[in-house]
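Undergrad: I have a structure here, written as structure tokens, and I will follow up with some questions on it.
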Amino acid sequence: MWQVKESYTFAELENWSAVAGEVDPPIRLGVFGDPVAHSLSPQLQNAALQSAGLQLQYARFQISEEELQPALRLLPQLKFAGANLTIPHKITGAAFVDELDDFARRVGAINTVLVDGEQLIGFNTDGPGFSRAIRQEFWVDLRDLRVLLFGAAGGAGRAIAMQCAAEGCERLVLVNRTHEKAQQLAAELKPFFSDTRVTGPVARLEAVPWEEHALRFQIANADIIVNATSLGMKRSDPPLLPAALIAPHLMVYDTVYTRARTPLLHAAVDAGARVANGTSMLLHQGALSFETWFDRDAPIAAMQAALASTA
Ligand code: NAP
């Protein structure tokens, strides 16, 4: 019996029939990342494949930035159905596919690749997956929220920002370590926020510097804080923001899902805020990827159960 390995390398993908030709059901989907060991997508997607009775498996692939383009180009000849892209490939990956769907083009980042004959088509399910996650966790729609988004210019952050814009959220405040990137994104999103829906002295769309006094003001004018940075993935990471800034009226959503409660969520619970981690976004973006590959509803209950069993 050939076991699926924890992860495969690019060299193994190049030599795929010798490495995995005997694996049954065959591996025809995977996640490309660097690092990739933390990814729960295999548990999620293999549960979905099994529940749907599809005779395929999904695996992890440790792929560096230089290897991404040639790795993607191997997918059609290896008869893969598609792939997911994770850190750090979402933005660069968008340049390596033959076609982008509309939302992915606007985001400029992809997390899902569909193999269509010899062509690769790029999609972004992070944005819609985030929207569904917020509804599931907090019973609210993005359009009714004032959103303070950290990591706005990363792959996940851009998808979330674009989703907020597309759904016409009340207010969107963009924060990014490299502030210029947040400013650039704000300029791109300006057309979505041209009407003056919010009452009061605050702009509907702003890029603000990552500074305590600016954040204090923004938090008073926000309903939800979203962490789309990679801070919180490693135990050694510094806190996203000083705990004293978190107010009880907030919802706090951390897209990090490697731990049930990141330091941000611990601080938010202590402050009396409502919290959720990124597991629900993982679930919904994965379900949307599945639907992209197979053009059928994803077995959400089986996927949710698989994630719950990894907690
Ligand atoms: P990415 O494209 O590499 O973006 C990383 C973002 O984090 C950028 O905004 C970057 O800012 C910022 N950042 C990195 N190190 C930082 C630090 N030390 N201090 C402050 N900001 C820092 O990565 P990604 O794919 O968007 O992933 C970002 C996060 O989203 C990760 O935590 C990932 O787990 C999470 N995520 C979750 C899901 C889910 O389904 N739950 C899906 C996708 C992503 P600069 O622009 O200045 O570099």
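Undergrad: Search the stretch 166-194 for residues being in a loop (DSSP other than H, G, I, E, B) and either open to solvent by less than 60 Å² (accessible area, probe 1.4 Å) or touching a Cys at 6+ places or on another chain (Cβ under 6 Å) (or both), and hand back the single one that is farthest from Gly108 (Cα to Cα).
TA: We begin by selecting, within the stretch 166-194, every residue in a loop (DSSP other than H, G, I, E, B); these are 167-170, 176-178, 194.
Those still in the list that are either open to solvent by less than 60 Å² (accessible area, probe 1.4 Å) or touching a Cys at 6+ places or on another chain (Cβ under 6 Å) (or both) too: 167-170, 176, 178.
On the way: Glu167: 18, Gly168: 19, Cys169: 20, Glu170: 23, Asn176: 17, Thr178: 17 Å.
Restricting to residues being in a loop (DSSP other than H, G, I, E, B) and either open to solvent by less than 60 Å² (accessible area, probe 1.4 Å) or touching a Cys at 6+ places or on another chain (Cβ under 6 Å) (or both), the top hit is Glu170.
Undergrad: Let me ask another. Looking at the stretch 219-238, which of its residues are surrounded by 12 or more Cβ atoms within 10 Å (Cβ to Cβ) and within 16 Å of the ligand (Cβ to nearest atom)?
TA: Matches in the stretch 219-238: Ile224, Ile225, Val226, Asn227, Ala228, Thr229, Ser230, Leu231, Gly232, Met233, Asp237.
Undergrad: Cβ-Cβ distance below 6 Å, separation of 6 or more or different chains: which pairs start in the stretch 100-120 with a residue that is of a type in the set (Asp, Glu) and end on one that is within 15 Å of the ligand (Cβ to nearest atom) and open to solvent by less than 60 Å² (accessible area, probe 1.4 Å)?
TA: Pairs that qualify, where the first residue is of a type in the set (Asp, Glu) and the partner is within 15 Å of the ligand (Cβ to nearest atom) and open to solvent by less than 60 Å² (accessible area, probe 1.4 Å), are Asp101/Phe123.
Undergrad: Do we find a residue being in a loop (DSSP other than H, G, I, E, B), open to solvent by 50 Å² or more (accessible area, probe 1.4 Å) and either in contact with a strand residue (DSSP E or B) (Cβ under 8 Å, 6 or more places away or on another chain) or not assigned by TED's automatic domain parsing to the domain that holds Gly21 (or both) anywhere in the stretch 102-115?
TA: Looking through the stretch 102-115, none of the residues is in a loop (DSSP other than H, G, I, E, B), open to solvent by 50 Å² or more (accessible area, probe 1.4 Å) and either in contact with a strand residue (DSSP E or B) (Cβ under 8 Å, 6 or more places away or on another chain) or not assigned by TED's automatic domain parsing to the domain that holds Gly21 (or both).
Undergrad: I've got another one for you. Of the residues that sit in the stretch 246-255 and are within 16 Å of the ligand (Cβ to nearest atom) and open to solvent by 10 Å² or more (accessible area, probe 1.4 Å), which one is farthest from the chain's Cα centre (by Cα)? Even if it seems obvious, please write down each step before you answer.
TA: Of the stretch 246-255, the ones within 16 Å of the ligand (Cβ to nearest atom) are 251-255.
So of that shortlist, the ones also open to solvent by 10 Å² or more (accessible area, probe 1.4 Å) come out as 251, 255.
Working: Met251: 19, Thr255: 7 Å.
The selected residue is Met251.
Undergrad: Just name the residue that is nearest to the ligand (Cβ to nearest atom) out of those in the stretch 276-304 that are open to solvent by less than 10 Å² (accessible area, probe 1.4 Å) and of a type in the set (Ser, Thr, Tyr).
TA: Ser280
Undergrad: Out of all the residues in the stretch 123-150, which are near the ligand (Cβ under 8 Å from one of its atoms), assigned to a helix (DSSP H, G or I) and either open to solvent by 40 Å² or more (accessible area, probe 1.4 Å) or touching a Leu at 6+ places or on another chain (Cβ under 7 Å) (or both)?
TA: Matches in the stretch 123-150: Gly129 only.
Undergrad: Right, another one. Please verify whether Ala214 is crowded, with 20+ Cβ neighbours inside 10 Å, away from the ligand (no atom under 14 Å from the Cβ) and over 20 Å from the mean Cα position of the chain (by Cα), treating the condition exactly as stated. Break it down into steps so the answer makes sense when it comes.
TA: Values: crowded, with 20+ Cβ neighbours inside 10 Å: no; away from the ligand (no atom under 14 Å from the Cβ): yes; over 20 Å from the mean Cα position of the chain (by Cα): yes.
Criteria not met by Ala214.
Undergrad: Turning to a different aspect of this structure: Output the number of residues of the stretch 151-181 satisfying the condition of being within 10 Å of the ligand (Cβ to nearest atom) and closer than 19 Å to His89 by Cα.
TA: Counting residues in the stretch 151-181 that are within 10 Å of the ligand (Cβ to nearest atom) and closer than 19 Å to His89 by Cα gives 14.
Undergrad: Moving on. In the stretch 126-165, how many are touching a Gly at 6+ places or on another chain (Cβ under 7 Å) and charged (D, E, K, R)?
TA: Counting residues in the stretch 126-165 that are touching a Gly at 6+ places or on another chain (Cβ under 7 Å) and charged (D, E, K, R) gives 2.
Undergrad: Okay, moving on. Looking only at helices (runs of 4 or more DSSP H) that lie completely in the stretch 196-311, which have at least 1 residues being of a type in the set (Phe, Trp, Tyr), within 30 Å of Gly53 (Cβ to Cβ) and outside the structural domain of Lys181 (by TED's automatic domain parsing)? Spell out how you get there, then give the answer.
TA: Working: elements: 212-220, 263-270, 279-294, 300-310.
Ranges flagged: 279-294.
The values are calculated or read from the model by the stated rules, or taken from the named source; none is laboratory data. Predicted model, so just to flag it, every value in this text is computed and none were measured. All Cβ positions, even for glycine, are placed from backbone atoms using ideal geometry, and neighbour counts span all protein chains on display. These area figures cover heavy atoms from the full protein model, side chains too; ligands, DNA and RNA do not enter into them. Shrake-Rupley method; radii C 1.70, N 1.55, O 1.52, S 1.80 Å.
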